[in-house]
Amino acid sequence: MPHMNISAFKPLNLPYKDATSSFNFMAVNVMPELEYLIATTIEDKEFFLVVRETSEKKLLLKTDKITRPSATYYAHQGLINYAKASNLEIIDTNVNTTEKNMHLKQDAALKSINDFAEAFPEADDIRIEVGFGSGRHLLHQAQNNPDILFIGLEIHKPSIEQVLKQINILHLDNILLLDYDARLFMELIPSNLVSKVYVHFPVPWDKRPHRRVISETFITEAIRVLQVGGRLELRTDSENYYAYSYETFIGLNKTRLEINKNQEIAITSKYEDRWRKMEKNIYDITLINDETSPELDLSQSFEFQNSNFDLEKLKALHNRTEKFENGFVHFERMYTIGDDKMMFRISMGSFDRPEHLYLILSETCAEYFPVLPIKTATNFKAHNYLSELLNG
């Protein structure tokens, strides 16, 4: 993660603008430990820079994990521009001060979750790869199927940038990339739209199974988004993950599966090449969808109707977790913004795939920052419950 160790923090007089950046406001953590969030805009990317005291009593300037843009170029630029504008003394840094990589100057393939929420892309055939890693399989499929739209999901930012470079080098126009939790993304996809969902070599999460991509909920959503005859393909080298996934698939009321072991495919990842040399087994489970699903209804909104908030009373929500049926809202941290606003960092939604975001409040307004939650049934329930909490 790009960061700078600095000797002292010098706040700017906000809002502040230079040639390429805008620093809009600063939020201050109410807890004793030092933490400032600086709202930053570069081009159309909005995110927070964070100033925090480390265990070594140094000051760390970095980008916020929740709002950090997928292309690390923007994070680097935000850090560099803020340090320059406020004349910070930098002790050490891993921030790249070079120009934007020529192969990253075009980032049309890199999308945000809001791009999909506002208008899901249309194509005659759409396929999705969850956790594309090095991108070998995704790039191979796109090169060999130019009439098919591929959507690749990955949360490892260096992998995203590497694949984005290859997309631009190869001049591919049938791949869209997204840095987002695939479990949440599935709930946003229109029904009966996708021909294939690839889940190749997901992290096994043997010690934290609730974080696994494959679950009854994920499979149910996959069935909804798949066309009749569409396929969900799981490929794994983990015998534990295979056994767990098989039990999850077979536990559904109606399932048609294909099971294969050490099946050859057209393109393999570098990890699979290594595992084959080690003579590890590779397991495939493929679900074939046989049903047409009802259309998805995402017509609700994330607006807050009340325009009269008691900020002093709302401070009592700090550190609280409130549960509703199949979901929760947790008020993780509280910040002040100037003299008349406050902000919560919140988690909300379902227990196994929560949404993390910020909520800014004044006496007359409540709004999510920097983007709205994605439109899922669980998030709408969480939003309605949050509205009730804010209204007392």
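Every number here is computed from the coordinates shown, using simple stated rules; none is lab data. Quick caveat: nothing in here was measured; it's all calculated off a predicted structure. Positions of Cβ are backbone-derived with ideal geometry, glycine not excepted, and every protein chain shown enters the neighbour counts.
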- Item | Proximal aspartates and glutamates relative to LYS57, as straight alpha-carbon distance under 14 Å, when same-chain residues fewer than 8 apart are discounted | GLU33, GLU35
- Item | In region 48-89, trypsin sites (Lys or Arg not before Pro) in a DSSP loop with at most 14 other beta-carbon atoms within 10 Å | LYS57, LYS58, LYS65
- Acute angle (nearest 10 degrees) that the helix 377-390 long axis makes with the longest principal axis of the chain, alpha-carbon atoms: 20 degrees
- Note on the structure: Computed from the beta carbon distance with a Förster radius of 22 Å, FRET efficiency for ALA108 and ALA377 to the nearest 0.05 stands at 0.10
- Note on the structure: Counting only backbone N atoms under 20 Å from a point 7 Å out along Cα-to-Cβ of ARG256, the residues of region 280-315 in range are 284-294
- Message: Along its three principal axes, how long is region 304-392 when you only count alpha carbons? Whole Å, largest extent first please.
- Response: 36, 23, 23
- Note on the structure: Relative contact order in percent for region 106-288 (Cα pairs under 8 Å, 6+ apart) equals 21 percent
- Given the Cα-Cα distance of VAL203 and GLU312 and 0.36 nm per residue of separation, how much length would full extension add, in nm? 34.9 nm
- Note on the structure: Between the modelled labels at HIS356 and GLU53 (7 Å from Cα along Cα→Cβ) the distance in nm is 2.3 nm
- Task: Could you go through region 174-191 in sequence order and give the Karplus-derived ³J(HN,Hα) for each residue, using 6.51 cos²θ - 1.76 cosθ + 1.60 with θ = phi - 60°, rounded to whole Hz, and x for Gly and Pro?
- Result: 10, 10, 10, 10, 9, 9, 6, 5, 4, 5, 6, 4, 4, 6, 9, 7, x, 5
- Item | Under the Debye formula (equal points on every Cα, no solvent term), log10 I(q)/I(0) of the chain at q = 0.08, 0.10, 0.12 Å⁻¹ | -0.48, -0.76, -1.06
- Tell me the chymotrypsin sites (Phe, Trp or Tyr not before Pro) within region 301-352 that lie in a loop according to DSSP and have at most 12 other beta-carbon atoms within 10 Å. PHE351
- Estimated vicinal HN-Hα couplings, Hz - region 225-230 in sequence order (Karplus 6.51, -1.76, 1.60; Gly, Pro = x): 7, 6, 5, 4, x, x
- Query: Suppose R0 equals 22 Å; then what is the FRET efficiency for ILE66 and THR336 from their Cβ-Cβ distance, rounded to the nearest 0.05?
  - Reply: 0.75
- aspartates and glutamates within cross-link reach of LYS84: Cα-Cα under 14 Å, excluding same-chain residues under 8 positions apart? ASP18
- Simple label model, 7 Å out from Cα along Cβ direction - TYR246 to THR20, nm: 5.3 nm
- Message: Check which residues have an amide H placed less than 5 Å from VAL95's amide H, if you skip close sequence neighbours.
- Response: HIS3
- Item | P(r), alpha carbons of region 3-93 - 10 Å bins starting at zero, rounded % | 17, 55, 26, 2
- Task: Give me the lysines in straight-line cross-link reach of LYS261: C-alpha distance below 18 Å, same-chain residues under 8 apart excluded.
- Result: LYS277, LYS280
- Task: Quick one: grab the alpha carbon gyration tensor of region 106-288, order the square roots of its eigenvalues as a ≥ b ≥ c, and give me rounded if a/c is under 1.5, else prolate or oblate depending on whether a/b is larger than b/c.
- Result: oblate
- Enumerate the amide H contacts of LEU296 below 5 Å, restricted to partners 5 or more residues apart or on another chain; note that Pro and chain-start residues carry no placed amide H. SER191
- Message: Run the count for region 92-213, please: Lys pairs, Cα-Cα under 28 angstrom, 8 or more apart or on different chains.
- Response: 12
- Message: Per 0.36 nm of contour for each residue apart, how much would the distance between LEU34 and CYS365 grow if the chain were fully extended, relative to their Cα-Cα spacing?
- Response: 116.5 nm
- State the extension gain, in nm to one decimal, for the chain segment bounded by ASP173 and GLU295, taking 0.36 nm per residue of separation less the distance between their alpha-carbons. 41.1 nm
- Item | Label-to-label distance, nm, for residues given as ARG211 and GLU322 (7 Å Cα→Cβ offset) | 2.9 nm
